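This report refers to the structure that appears directly beneath it.
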Amino acid sequence: MGANISVIVPAHNEGPYISRCLNSLMDQEFPKENYEVIVVDNASTDNTKLHINEFNDVKYIYKENGPVGAVRNYGASHASGEILAFIDGDCIAPRDWLASGINLLKSHPETVLGGKYSLDSEASWIERYWLLGLKDTTSDKIDLLGGTIFIRKEHFGLVGGFNEEVSSGEDTQLASDLRNSGISVMINQNLNVIHLGNAKTAKDFIRRQAWHSENYIDRITESAKDPTFIITIAFNISIATTTLTLITGNWLYSLISLISTIALISILSIKRILRSKDGIKLSRRFHKIFYLDLLYLIGRTIGVARGIKKSATANIGAIKRSG
């Protein structure tokens with residue numbers, strides 16, 4: 001394919017990780033003259049730039065404002081390659097990552113490819129029981145993750161790149177836009193990367209999930225079709241019903257609502273276990289998986305609440321300006 005692959009790395013305060021990321025990209029089993037690495041520094045305030053400057057073969061560009069979707073698009077606008085490979089600054093690519101991505105694109109020319117996140121050797125228990133891994137090597141039912149994507153520039157341009165209006169979920173939106181345009185999206189675990197920046201505590205996990213769901217309300221039409229949003233709303237209704245029936249002393253209905261809440265969380269946990277390659281083994285740790293799925297829904301609920309507040313504030317401001 002020639003020197004036509006551009007690897008784009010968005011980085012915001014990735015000082016602890018960026019060197020390991022770039023080292024992995026420089027150590028690929030792929031001819032160096034056939035690819036370029038572009039790091040887009042998104043207004044980092046730590047020592048990210050100092051680490052990047054240690055790599056002479058890396059192209060450094062700076063973008064001050066914008067969510068990660070805009071940062072990725074900015075990198076793509078500076079790319080010379082016909083193939084765009086996206087990886088995050090807190091991820092480590094296996095040595096065959098580029099070769100595998102290009103070979104898969106050759107055999108699937110009308111497909112956009114992605115991988116999943118693998119665990120670091122020092123992963124916390126939260127990471128281990130959240131990133132369970134998939135039973136099947138390949139799937140066309142799962143959305144893209146921004147940290148590992150291979151896409152032809154023509155396909156990227158066809159859908160206008162990543163959505164720049166959302167603070168998160170731009171990778172999921174890209175997958176949806178591609179499928180709606182008739183382009184296949186396939187996840188292949190040969191493209192997995194190690195994600196170093198996962199949440200490692202319950203507090204950080206909730207915070208991360210809240211951030212991921214802040215845009216649900218702004219994109220309510222799309223969100224209404226999202227199973228995760230629907231489950232989050234069902235969880236809220238169930239919790240609200242349980243609380244209300246407790247307050248009113250209706251113990252039977254309260255018990256039924258509580259059982260419904262537990263069943264809802266259990267469905268998430270069972271689904272993740274069944275999709276995992278270590279399903280039987282993981283079932284013995286169901287309580288830990290259930291706990292994380294509870295935190296997941298709590299975080300998503302917080303994000304929805306923030307989205308409602310932001311939307312209401314914007315509407316009030318608009319009314320005041322028009323008045």
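The values are calculated or read from the model by the stated rules, or taken from the named source; none is laboratory data. Since we're looking at a predicted model, the values are computed, not measured. Note that we place each Cβ from the backbone using ideal geometry, even for glycine, and neighbour counts take in every protein chain shown. To get the accessible areas, we keep the full protein, side chains included, count just its heavy atoms, and leave off ligands, DNA and RNA. Shrake-Rupley method; radii C 1.70, N 1.55, O 1.52, S 1.80 Å.
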- Confirm whether THR137 is among the hydroxyl-bearing types (Ser, Thr, Tyr) and at pLDDT 95 or above. no
- Message: Regarding the range 257-280, can at least one residue be identified that is aliphatic (A, V, I, L, M), open to solvent by less than 40 Å² (accessible area, probe 1.4 Å), more than 18 Å from GLU127 (Cα to Cα) and in contact with a Leu (Cβ under 6 Å, 6 or more places away or on another chain)?
- Response: yes
- Task: Taking the residues in the range 6-22 that are under 14 Å from GLU54 (Cβ atoms) and free of Cβ contacts under 8 Å to residues at least 60 places away in the same chain as candidates, determine which candidate is most open to solvent (accessible area, probe 1.4 Å).
- Result: SER19
- Note on the structure: If we ask which residues in the range 124-163 are under 23 Å from ILE270 (Cβ atoms) and among the hydrophobic types (A, V, I, L, M, F, W, C), their number turns out to be 8
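Scan the range 281-297 residue by residue and report those that are open to solvent by 80 Å² or more (accessible area, probe 1.4 Å) and part of a helix (DSSP H, G or I).
LYS281, HIS287, TYR291
Taking the conditions exactly as written (touching an Asp or Glu at 6+ places or on another chain (Cβ under 9 Å) and under 27 Å from SER139 (Cβ atoms)), does LEU268 satisfy them or not? Step through it out loud before you land on a result.
Values: touching an Asp or Glu at 6+ places or on another chain (Cβ under 9 Å): yes; under 27 Å from SER139 (Cβ atoms): yes.
So LEU268 fits the description; yes.
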- If a residue has to be open to solvent by 20 Å² or more (accessible area, probe 1.4 Å) and either under 21 Å from VAL166 (Cβ atoms) or polar (S, T, N, Q) (or both) to count, how many in the range 30-72 make the cut? 14
- Task: Keeping to the range 76-98, report how many residues are over 18 Å from the mean Cα position of the chain (by Cα) and surrounded by 19 or more Cβ atoms within 10 Å (Cβ to Cβ).
- Result: 7
- Task: Could you identify the single residue in THR172, THR201 that is among the β-branched types (Val, Ile, Thr) and touching an Asp or Glu at 6+ places or on another chain (Cβ under 8 Å)?
- Result: THR172
- Considering every residue within the range 214-232, establish whether at least one is hydrophobic (A, V, I, L, M, F, W, C) and modelled with pLDDT of 95 or more. no
- All but one of (1) of a type outside the set (A, V, I, L, M, F, W, C); (2) under 14 Å from PHE150 (Cα atoms); (3) in contact with a strand residue (DSSP E or B) (Cβ under 8 Å, 6 or more places away or on another chain) hold for LYS106, so report the exception by its number. (3)
- Message: Of everything in the range 2-37, what is assigned to a strand (DSSP E or B) and of a type in the set (D, E, K, R)? Give them in sequence order.
- Response: GLU36
- Residues (farther than 18 Å from LYS277 by Cα and among the aliphatic types (A, V, I, L, M)) located in the range 127-144: LEU144
- Of the criteria (1) open to solvent by less than 60 Å² (accessible area, probe 1.4 Å); (2) touching a Phe, Trp or Tyr at 6+ places or on another chain (Cβ under 7 Å), which one ARG300 fails: (2)
- Note on the structure: For the range 282-311, pairs from a residue that is over 15 Å from ARG207 (Cβ atoms) to a residue that is surrounded by fewer than 21 Cβ atoms within 10 Å (Cβ to Cβ) and polar (S, T, N, Q), with Cβ under 8 Å and 6 or more apart or across chains, are LEU282/SER276; PHE290/SER266
